[in-house]
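**Student:** I'd like to ask some things about the structure below.
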Amino acid sequence: MTDTVVIALGRFLPDARRIAALLDADVMEYRAGIFAEIFPRTRRIVALMSMGIVVRAIAPLLLDKWTDPAVVVVTPDFSYAIPLLGGHHGANALAKELAGLGLVPVISTATEATGHDSVEGIAERTGCDIVNRDSTRAVNAGILDGDTKVYSVPGPGIVLAGPDVSFLVRRGEYTVGIGCRKGVTETEVIRAITGALAEAGIKKEEIMIYATTAKKCGETGLIDAVASIPAPLIFLDDDTINAQVPPTPSKAKRLGLIGVAEPCALAVSKHRELIMNKKVFSKVTIAIAR
């Protein structure tokens, strides 16, 4: 199966094949349960049928706008392409692709509909991921109001930002949470990171970001080690860390934290899934999430 699927009622299959030829997509005839079958397995869905059918079919399947597939409904008269799900996450772009067949994209996301950019659009265009995804609502609202500015910090550098500032970094699949003893050296941290990634079978280039507690912002060994990779390092506040649910008990409770390595990795990850529970490498503790 390709990453794009066109689902159509039987009478609309000829038009569905036209769409599939444009998008290099698979075609499937609509039947009961088909959306549940393909929803977790594809990235983009074009549905050639009434919107009501699609809404009822996908409603029980929705999990998270960052992981659900983009869904575009094409009206049965082959006039309009309507992003139904994931406008900022591929559906708007998919609808615009369908304009190649004469379909009119009906864009309803506020930023694009008013001729503005969006955080998600900037991230996609620049090959970046958004670390603090909860920020996008406030930032996109600021874009609409003309209050949002975009800054590029090539680094090395340190950025102190509030919760309504979106942080974009190079695209990657994994996040690494790091805890360390006071006074840890750069060499000790590099050795721990290298060992953990080797054990997990992950390349350094696949890491989106490294994360630790703000209580470690004075640890030069940790900062220098991550800078030498080079990669971004984010210091998380206590509330962000304590909002996570790590699987392993931690002695960090004496610092007022539920943990360090595991919750830090989880907090900045895309899927909130640990692929390596915390592991101690001498004075450094590492956890990896995706």
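The values are calculated or read from the model by the stated rules, or taken from the named source; none is laboratory data. It should be emphasised that the depicted structure is a prediction, and the values quoted were computed from it without experimental measurement. When we count neighbours, we look across all protein chains shown, and the Cβ atoms used for this are built from the backbone with ideal geometry, even at glycine. Just so you know, the surface numbers come from the protein's heavy atoms only, side chains and all, with ligands and any DNA or RNA stripped out. Shrake-Rupley method; radii C 1.70, N 1.55, O 1.52, S 1.80 Å.
**Student:** Using the Karplus curve 6.51 cos²θ - 1.76 cosθ + 1.60 with θ = phi - 60°, what ³J(HN,Hα) values do you get for each residue of segment 147-157, in whole Hz, with x for Gly and Pro?
**Tutor:** These are the phi-based 3J(HN,Hα) values: 9, 9, 10, 10, 10, 10, 10, x, x, x, x Hz.
**Student:** May I ask you to give the percent of accessible area on the chain that is carbon plus sulfur, with a probe radius of 1.4 Å?
**Tutor:** Accessible surface attributable to carbon and sulfur in the chain totals 54 percent.
**Student:** Could you order peptides 278-289, 154-165, 106-117 by the average number of other Cβ atoms within 10 Å of their residues, highest first?
**Tutor:** Working: 278-289: 21.4, 154-165: 10.0, 106-117: 14.8.
Most protected by this proxy first, the peptides run 278-289, 106-117, 154-165.
**Student:** While we're looking at this one, here's another question. Would you mind calculating the relative contact order of the chain from Cα pairs under 8 angstrom and at least 6 residues apart, reporting the percent as a whole number?
**Tutor:** Across the chain, relative contact order equals 12 percent.
**Student:** Hey, another quick one. Can you give me the long-range amide H partners of L236? Hydrogens built in the peptide plane at 1.01 Å from N, cutoff under 5 Å, separation of 5 or more residues or another chain.
**Tutor:** When sequence neighbours closer than 5 places are left aside, the close amide H contacts are T212, T213, A214.
**Student:** Would you mind getting the accessible area per residue of the chain, heavy atoms of the protein chains only, 1.4 Å probe, in Å²?
**Tutor:** 51 Å²
**Student:** Convert each backbone phi in segment 98-110 into a coupling constant with the Karplus relation 6.51 cos²θ - 1.76 cosθ + 1.60 (shift: θ = phi - 60°), then list the ³J(HN,Hα) values in order as whole Hz, x for Gly and Pro.
**Tutor:** 5, 4, x, 9, x, 6, 9, x, 10, 8, 10, 5, 4
**Student:** Search the structure for amide H atoms under 5 Å from the amide H of I209, placed 1.01 Å from N in the peptide plane, and list their residues when 5 or more places away or on another chain.
**Tutor:** Hits under the 5 Å cutoff: V176.
**Student:** Do any GluC sites (Glu not before Pro) in segment 189-290 lie in a DSSP loop with no more than 14 other beta carbon atoms within 10 Å, and if so, which?
**Tutor:** Sites meeting the loop and neighbour criteria: E273.
**Student:** Over the Cα atoms, compute the radius of gyration (one decimal) and Dmax (the largest Cα-Cα distance, rounded to a whole number) for segment 1-94, in Å.
**Tutor:** Rg then Dmax for segment 1-94, in Å: 11.7, 33.
**Student:** With Cβ to Cβ distances under 14 Å as the rule, what net charge do the other residues near D117 carry (K, R +1; D, E -1)? Please report the intermediate quantities before stating the final value.
**Tutor:** Numbers: positive: R125, K149; negative: E112, E120, E124, D145, D147.
Local charge sum for D117: -3.
**Student:** Counting only residues 5 or more places away or on other chains, whose amide H sits under 5 Å from the amide H of T75 once H atoms are built in the peptide plane?
**Tutor:** Y80, I82
**Student:** Viscosity 1.306 mPa s, temperature 10 °C: Stokes-Einstein D of the chain from its Kirkwood Cα radius, in µm² per second?
**Tutor:** In µm²/s, the coefficient is 75.
**Student:** Per-residue ellipticity at 222 nm for the chain, helices alone: DSSP H runs ≥ 4 residues times -39500 (n - 2.57), over residue total, nearest 500 deg cm²/dmol?
**Tutor:** -8000 deg cm²/dmol
**Student:** May I ask for log10 I(q)/I(0) of segment 17-158 at q = 0.10, 0.20, 0.22 Å⁻¹, from a Debye sum over the Cα atoms as equal point scatterers with solvent left out?
**Tutor:** -0.39, -1.27, -1.44
**Student:** What are the ³J(HN,Hα) couplings of segment 80-86, residue after residue, when phi is run through the Karplus curve with 6.51, -1.76, 1.60 and θ = phi - 60°? Round to Hz, x for glycine and proline.
**Tutor:** 10, 10, 10, x, 9, 9, x
**Student:** In square angstrom, rounded to the nearest 10, how much accessible surface does F12 have for a 1.4 Å probe?
**Tutor:** Accessible surface of F12 is approximately 40 Å².
**Student:** Taking 0.36 nm per residue of sequence separation and subtracting the Cα-Cα distance, how much length would be gained by fully extending the chain between E29 and R137, in nm to one decimal?
**Tutor:** Gain in length upon complete extension: 35.3 nm.
**Student:** Out of the trypsin sites (Lys or Arg not before Pro) in segment 22-92, which ones are loop residues according to DSSP with at most 13 other C-beta atoms within 10 Å? Working shown, then result.
**Tutor:** Working: sites: R31, R41, R43, R44, R56, K65; in loops: R31, R43, K65.
For trypsin sites (Lys or Arg not before Pro) across segment 22-92 that sit outside H, G, I, E and B with at most 13 neighbouring Cβ atoms in 10 Å, the list reads R31.
**Student:** Which pairs break 19 Å Cα to Cα here: K251/K278; K182/K203; K204/K270; K149/K215?
**Tutor:** K182/K203; K149/K215
**Student:** Would you list which lysines come within 20 Å of K96, measuring only between C-alpha atoms, while excluding same-chain residues fewer than 8 positions from it?
**Tutor:** K65
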